[in-house]
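All remarks here apply to the structure that follows.
The values are calculated or read from the model by the stated rules, or taken from the named source; none is laboratory data. A quick note: this is a predicted structure, and the numbers were derived from the prediction, not measured. No Cβ is skipped: glycine too gets one built from the backbone with ideal geometry, and neighbour counts run over all protein chains shown. Areas reflect the complete protein model, heavy atoms only, side chains present, ligands, DNA and RNA absent. Shrake-Rupley method; radii C 1.70, N 1.55, O 1.52, S 1.80 Å.
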Amino acid sequence: MAKLYFRYGAMGSSKTANAIMVRYNYMERGQKALMLKPAMERRDGEKQVRSRSGLTAPCAYVEELDSIDLGQYDCLIVDEAQFLTKEQVKQLVDIVDERDLPVICYGLRADFKGDLFPGSLWLMAWADAIEEVKTVCWCGRKATCNARIVDGKVAREGEQVVLGGNENYVSLCRKHWRQGNLGLRQIRQIHDGKRRFMTLLLQADPDEDMLDRYLDPGDMYALFEGGRPVTVAVVLRLPDGTCELKNLATDPDRRRRGLGSQMVRYLMELYAPCGRMYVGTGKQGVAFYQRLGFTYDHTIPGFFSHNYPEPIYEEGELLTDMVVLAAKL
């Protein structure tokens with residue numbers, strides 16, 4: 001007998017990754033699972049779901065259900081189910097009961113104020129099975145609250161739905177959500193609004209035209225201290241499966257505190273499946289990366305003088321050649 005499942009969790013609990021893996025598991029067994037999401041959720045592009053770990057899968061919109069031949073599917077998987085309407089949840093209930101087709105919904109339970117989302121409310125009321133996808137607060141306790149961050153602080157007022165990624169929200173335990181305590185340091189991936197961090201990015205790459213070549217296709221991360229971004233980095237996946245650290249910058253007032261090293265170590269672990277990470281730097285940066293396990297790979301003569309309209313100086317020394325280092329991950 002088919003069931004309606006609601007699997008909820010706080011931000012960053014890998015709900016989407018779980019949804020994609022369930023779809024993959026059906027495919028491995030020669031069965032078909034239809035991935036769905038509400039049409040309003042388009043941060044990851046048209047008809048695509050994407051996890052923070054980089055997993056992707058094609059999807060259709062819940063609003064298209066009436067025009068889809070469900071007879072060819074063995075399961076429906078719904079991501080971002082908190083945005084469903086009452087009528088859409090009822091439609092999923094009917095599919096389970098009338099077609100004997102299992103439906104697995106993934107989503108947030110409550111918003112940044114602690115109020116239930118409409119979709120989550122009706123899923124909690126009507127689902128046959130309710131399961132929690134767990135994640136942790138910065139303190140190590142279970143995170144159950146989704147804090148919205150505005151100007152470095154936990155917001156208490158505002159519209160219920162403001163679409164954003166890790167740069168706008170963070171998962172906290174109830175105690176620290178109530179206190180508005182964001183912890184000392186957190187690293188989050190930035191999906192939207194990358195150019196809001198331009199002041200920091202330009203610390204490492206002073207030409208916006210050069211930044212534009214890799215900022216959008218690259219994966220961007222920011223290290224927040226007390227809710228404020230102090231270090232940023234951009235990683236670009238290369239065609240051969242390896243990756244390159246294209247930008248690493250720290251607020252000048254927060255340098256020499258290990259923030260850049262913390263970011264690089266985090267990225268080296270995160271991108272371990274790439275096998276190898278490259279980074280290009282001037283002579284002054286070589287020692288920093290060598291301490292983190294990078295070794296000399298090659299030199300690009302005249303890179304800085306040929307690609308930048310203005311001379312670039314690092315600690316008073318004119319940069320001309322780029323030194324490329326690599327680390328085995």
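In table form, for the structure just shown:
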{"read-out": "Overall form of the range 183-248 per C-alpha gyration tensor (a/c, 1.5; a/b vs b/c)", "value": "oblate"}
{"read-out": "Surface share of carbon and sulfur [accessible, 1.4 angstrom probe, percent] for the range 119-261", "value": "45 percent"}
{"read-out": "Potential extension, T56-R256 segment - 0.36 nm per residue separation minus Cα distance", "value": "68.3 nm"}
{"read-out": "The range 235-329: GluC sites (Glu not before Pro) in DSSP coil with no more than 16 other Cβ atoms inside 10 Å", "value": "E315"}
{"read-out": "The chain: antiparallel DSSP beta bridges as a percent of all, rounded to 5", "value": "70 percent"}
{"read-out": "Amide N of the range 1-43 lying under 15 Å from the label point, which is placed 7 angstrom from the Cα of D97 along Cα→Cβ", "value": "2-5"}
{"read-out": "At least 15 Å along the helix axis (C-alpha) and Kyte average at least -1.0, DSSP helices within the chain", "value": "15-28, 86-99, 259-270"}
{"read-out": "(i) 32, 23, 19; (ii) 40, 19, 18; (iii) 42, 23, 16, with the label sought being that of the calculated semi-axes √(5λ) of the Cα gyration tensor in Å", "value": "(iii)"}
{"read-out": "Segment V136-D74, length gained on full extension (0.36 nm per residue, minus Cα span)", "value": "19.0 nm"}
{"read-out": "Given K194/K328; K47/K134; K153/K283; K3/K47; K153/K328, the pairs whose alpha carbons are separated by over 31 Å", "value": "K153/K283; K153/K328"}
{"read-out": "The chain - percent relative contact order, Cα under 8 Å, separation 6 or more", "value": "13 percent"}
{"read-out": "Fraction of beta bridges assigned by DSSP in the range 1-152 that are antiparallel (%, nearest 5)", "value": "20 percent"}
{"read-out": "Accessible area, probe 1.4 Å, largest first, for residues Y61, Y278", "value": "Y278, Y61"}
{"read-out": "Prolate/oblate/rounded call for the range 3-92, Cα gyration tensor, a/c under 1.5 rounded", "value": "rounded"}
{"read-out": "Probe 1.4 Å - accessible area at S261, Å² to nearest ten", "value": "30 Å²"}
{"read-out": "Dipole magnitude of the chain, debye to nearest 20 (Cβ charges: Lys/Arg +1, Asp/Glu -1, about Cα centre)", "value": "1520 debye"}
{"read-out": "Förster-model FRET efficiency, 35 Å R0, A129 and D240, C-beta, rounded to 0.05", "value": "0.20"}
{"read-out": "Two-site FRET efficiency, M27 against T299, from Cβ-Cβ distance with R₀ of 51 Å, rounded to 0.05", "value": "0.65"}
{"read-out": "Inter-probe distance in nm under a simple model that places probes 7 Å from Cα toward Cβ, at D66 and D321", "value": "6.8 nm"}
{"read-out": "14 Å Cα-Cα reach of K90 towards aspartates and glutamates, excluding residues that sit fewer than 8 places from it in its own chain", "value": "E63, D66, E98, D128"}
